[in-house]
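The values are calculated or read from the model by the stated rules, or taken from the named source; none is laboratory data. As the structure is a prediction and not an experimental result, all values here were calculated from the model. Neighbour counts run over all protein chains shown; Cβ positions are idealised from the backbone, glycine included.
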Amino acid sequence: MSSAELKALSESVVAPGRQQTLQALLEKNRSGVLTAEEEAVLDELLAQADQVGLLKARAQYTLSLGEGAAELLG
């Protein structure tokens, strides 16, 4: 993967519409009024957010390795 692709991945975010849904469901969850269907959607959105976070962390780590290697060689 190129540095540009890694940088784009490291700056990725959850889609705005999904983020709004996630926030609304988290609020409902705090109030204790989620339906079983809403709870399933919340679980899926949280899993997706976790995956985005992991991908971002890996991309940032890989970029930092590349920068460090370039400094050692350069």
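Some notes on this structure:
- Of the residues screened, SER31 is not one that is under 27 Å from GLY66 (Cα atoms) and out of contact with any strand residue (DSSP E or B) (no Cβ under 7 Å at 6 or more places or on another chain).
- Enumeration of residues in region 10-40 that are exposed (fewer than 15 other Cβ atoms within 10 Å of the Cβ) and among the hydrophobic types (A, V, I, L, M, F, W, C): VAL13, ALA15, ALA24, LEU26, VAL33, ALA36, ALA40
- When LEU63, LEU55, LEU72, LEU6 are checked against the criterion of being at pLDDT below 95, in a helix (DSSP H, G or I), exposed (fewer than 10 other Cβ atoms within 10 Å of the Cβ) and not basic (Lys, Arg), LEU72 stands alone in meeting it.
- Residues of region 9-40 that turn out to be in a helix (DSSP H, G or I) and either modelled with pLDDT of 90 or more or not polar (S, T, N, Q) (or both), as a count: 22
- Leading residue by the ranking (farthest from GLN20 (Cα to Cα)) among those in region 33-48 that are in contact (Cβ under 8 Å) with a residue 24 or more places away in the chain and among the aliphatic types (A, V, I, L, M): LEU46
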